[in-house]
Number of protein chains: 2
Amino acid sequence: MAREIRLKERPQGHLKADNFEVAEVSLPPLGEGDILVRNIWMSVDPYMRLVLTGQEGFVPQKQPGDVMDGAAIGIVERSSDPALPAGTAVASAYGWRTHFVAKADTLSILPNSDAPLNWYLSALGLTGITAFLGIEKVLQPRQGETVLISGASGAVGSIACQLAKLRGARVLATCSSEQKARWLRDKVGVDATMDYRQEQLDDFIAREAPEGLDCYFDNVGGEMLDRTLNCMKAYGRIGLCGAISQYESRDYRSGPANFFAAIEKSLTMRGFNAFLLTPEENAEAVNWLAGRADRDEIIIFEKIFQGLEQAPVAFAGLFGGGYEGKVVIKL
Amino acid sequence: MAREIRLKERPQGHLKADNFEVAEVSLPPLGEGDILVRNIWMSVDPYMRLVLTGQEGFVPQKQPGDVMDGAAIGIVERSSDPALPAGTAVASAYGWRTHFVAKADTLSILPNSDAPLNWYLSALGLTGITAFLGIEKVLQPRQGETVLISGASGAVGSIACQLAKLRGARVLATCSSEQKARWLRDKVGVDATMDYRQEQLDDFIAREAPEGLDCYFDNVGGEMLDRTLNCMKAYGRIGLCGAISQYESRDYRSGPANFFAAIEKSLTMRGFNAFLLTPEENAEAVNWLAGRADRDEIIIFEKIFQGLEQAPVAFAGLFGGGYEGKVVIKL
């Protein structure tokens, strides 16, 4: 028997752990080309909230009874494909399940490396790749430029802060508590922090970057994006990564009230997401990140929850203040 | 005596010619370094509407009694500066006045060239430079790419269409009447047109570019921008030039309802305006445009109104359907 997490009912407003339920399922017998995988690590990511809004977007909407899918790392238990013998570590997108049966071509074999397997959900997975795209491909901050990163204590944010520092930028970070702010300064190494529950962005920027911002890495959207438009230098660059502050609102898709500032200041706003990458682009990003991690140039912060049942709890927490680093579930 | 156009009262909603009035003024005697200029051409541009909204933006707000400023071409009549003798053709930003007195360093001497002076308000002025920025610096469409240009029959639009064609792009154009659509196809040389009062963008794009758009040159903002976000290919580029459809609404600054599509499709939205250019960048653009115009690679379309008093009429018309090409006032 396998267990899986299903949507019980679509959340209205703030998501709660009991919008989900655990179900037991019998796995089908293995057919030609089938692989039985036992998951050992599962990912919990902000974008997953978007499959529960009822509004079509780039992720198909889940219905009650559907299993939450997403990235997971597992070990092949039984296989009918000699290319994937039992014991092989694989990544899949089948999400919150203890075990599953799938075709070999929907699984990817993890590289033979010293990296802990869970890193393939964090720094070497979607999270790290997203931070890499935002800093290395989109914003490309230069030595001495000032970069603001919102949601900086989160999974993508905490890696983005480090990548921007590695390029020699001055990194300003926003987060939701004084504890996270201290962590960002002491552990992640950012230059200045703002707890958005205590301080207004305008005041923070007036103090820390009175000449304005060169770059903004936006993880939160909403009012923070809107206010940041006022704080950009002419020709500033904004990387649009996510809008977590909006994912629980009725309308997460709409643009900032002060959008016209983009014309006035000749700003570039560039959205990005890792789902559009080709396998080659994906491999380039993972190799780049693995090199940095090997040389200890990136510190990987993870918040580990134990057990399948914790996935909904961990998930709900993302929208109730979040964590320090990347949330992963250990099975 | 000189005459000038003053704001009588700030328009509520749709701007009307009688929101302005003509006033006679005595010119001051010439002091040290002063120049007396007689204007011969004046510009009327959509962005001027933004000085009448009552909302601060990148242009200072006008109060009743203020003269409308903007680009104009004049001839020096009397001068106390030997570098600017009588008869010199100069450009200024003093706007809708028959004559004015100004310091020499606020005037720029026009290049010695065969180009008609009015071209320095159209193809070789703000209009042409803006189209150049959008096509050559921001969107940079490649051979065979599909570019949508809204407000295509307007001043910037009609040049942008030609510049995109010169790069080998397929150009789709939107406008506000069947007459303008025919003009765009027959005179400007675009590949396909849509009269937005008769057809929905989705239908037009489904017919003319079912695979989606590579680039969008946005002159109109509002609903057209919003719908275009649905029609972009992944990694598409949007140049944000203006939002003329919104300038008469209470809130011209807010972003499109479907802004989140930028993240989903990894779109780049880049605002631009010519006011931020350095003198060197400005000269580069003018030289580039002058070369194209000399070789007859750009056709310059102008709608000429006669007499200072026509400026408010011409201006109001911009927001009531617009014109074919660039509006200039001949004094």
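Only the coordinates and a few stated rules stand behind these numbers; no lab work does. Because the structure is predicted, anything quoted here is derived from the model rather than measured. Heads up, the Cβs are rebuilt from the backbone with ideal geometry, glycines too, and the neighbour counts pull from every protein chain shown.
Figures for the structure shown
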| item | result |
| --- | --- |
| Cβ charges +1 (Lys, Arg) and -1 (Asp, Glu), total dipole of chain A, debye | 280 |
| Exercise: per-residue mean of other protein chain Cβ atoms within 10 Å, A:250-259 | 6 |
| Whole-number percent relative contact order across chain A, with pairs defined as alpha carbons under 8 Å at least 6 apart | 19 |
| Rotational relation A to B, axis-closest Cβ in chain A, residue and distance rounded to whole Å | A:Gly255, 1 |
| Estimated dipole of region A:179-331 in Debye, rounded to 20 [Cβ of Lys and Arg +1, of Asp and Glu -1, Cα centre] | 180 |
| In degrees, nearest ten, helix B:279-294 long axis to first principal axis of chain B (Cα) | 70 |
| Listed residues B:Leu117, B:Val156, B:Ile135: farthest to the positive end of the dipole of region B:112-233 (Cβ charges) | B:Leu117 |
| Globularity ratio of the protein assembly as shown, using Cα Rg and 2.2 N^0.38 Å | 1.12 |
| Cα→Cβ-extended label distance, 7 Å offset, between B:Arg182 and A:Asp186, nm | 7.6 |
| Peptide A:232-241 - average C-beta neighbours from other chains (10 Å radius) | 2 |
| Shielding of A:53-65 by partner chains, average beta-carbon count, 10 Å | 1 |
| Shortest-first distances to equivalent copies, position B:Arg182, nm, label 7 Å out along Cβ | 7.6 |
| For chain B, built as a Gaussian network whose Cα springs stay under 10 Å, the top-fluctuating residue of B:Leu318, B:Leu30, B:Leu225 | B:Leu30 |
| Over region A:106-174, relative contact order from alpha-carbon pairs under 8 Å, at least 6 apart, % | 30 |
| Positive-end residue of B:Ala206, B:Ser266, B:Leu308, charge dipole of region B:197-331 with Cβ unit charges | B:Leu308 |
| Cα-only Debye scattering, region B:137-181: base-10 log of I(q)/I(0) at q = 0.22 Å⁻¹ | -0.68 |
| Residues in region B:203-223 that a label on A:Thr278 would reach, taking backbone N under 18 Å of a point 7 Å out along Cα→Cβ | none |
| Label geometry 7 Å along the beta-carbon vector: B:Lys137 inter-copy distances in nm | 2.7 |
| Charge tally in the Cβ shell below 10 Å around A:Asn118, where Lys, Arg are +1 and Asp, Glu are -1, A:Asn118 excluded | +1 |
| Within a Gaussian network of chain A (alpha carbon springs, distance under 10 Å), most fluctuating of A:Asp81, A:Asp195, A:Asp45 | A:Asp81 |
| C-alpha long axis of helix A:155-166 to longest principal axis of chain A, angle in ° | 50 |
| Normalised contact order of region B:4-88, rounded percent, pairs of Cα under 8 Å and 6 or more residues apart | 36 |
| FRET efficiency, A:Gln143 to B:Asn287 (Cβ-Cβ, R0 30 Å, nearest 0.05) | 0.40 |
| Computed magnitude of the charge dipole of the protein assembly as shown (debye, nearest 20; Cβ of K, R +1, Cβ of D, E -1) | 180 |
| Qualifying aspartates and glutamates (Cα of each under 20 Å from Cα of B:Lys8; at least 8 residues distant if same chain) | B:Asp18, B:Glu21, B:Glu24, B:Asp45, B:Glu56, B:Asp66, B:Asp69, B:Glu248, B:Glu309 |
| Shortest-first nm distances, B:Pro28 label point to equivalent points in other copies (7 Å, Cα→Cβ) | 8.7 |
| Extension gain (nm, one decimal) between B:Ile40 and B:Ala93, 0.36 nm per residue minus Cα-Cα | 17.8 nm |
| At q = 0.14, 0.18, 0.20 Å⁻¹, base-10 log of I(q)/I(0) for region A:1-123 (Debye sum, equal scatterers on each alpha carbon) | -0.65, -0.98, -1.13 |
| Nonlocal amide H pairs with B:Met232, under 5 Å, H built at 1.01 Å | B:Leu213 |
| For region A:126-275, alpha-carbon Rg and Dmax in angstrom | 13.8, 40 |
| Residue among A:Ser177, A:Cys231, B:Leu276 farthest towards the positive dipole end of the protein assembly as shown, charges placed on Cβ | A:Ser177 |
| Cα coordinate range in chain A, projected on the principal axes (Å, largest first) | 64, 44, 35 |
| Under 12 Å, Cβ to Cβ, from A:Arg253 - net charge with Lys/Arg +1 and Asp/Glu -1 | -3 |
| Point-to-point label distance, A:Glu77-B:Gln306, nm (Cα→Cβ direction, 7 Å offset) | 9.1 |
| Helix B:222-231 axis, angle to chain B major axis (alpha carbon atoms, nearest 10°) | 40 |
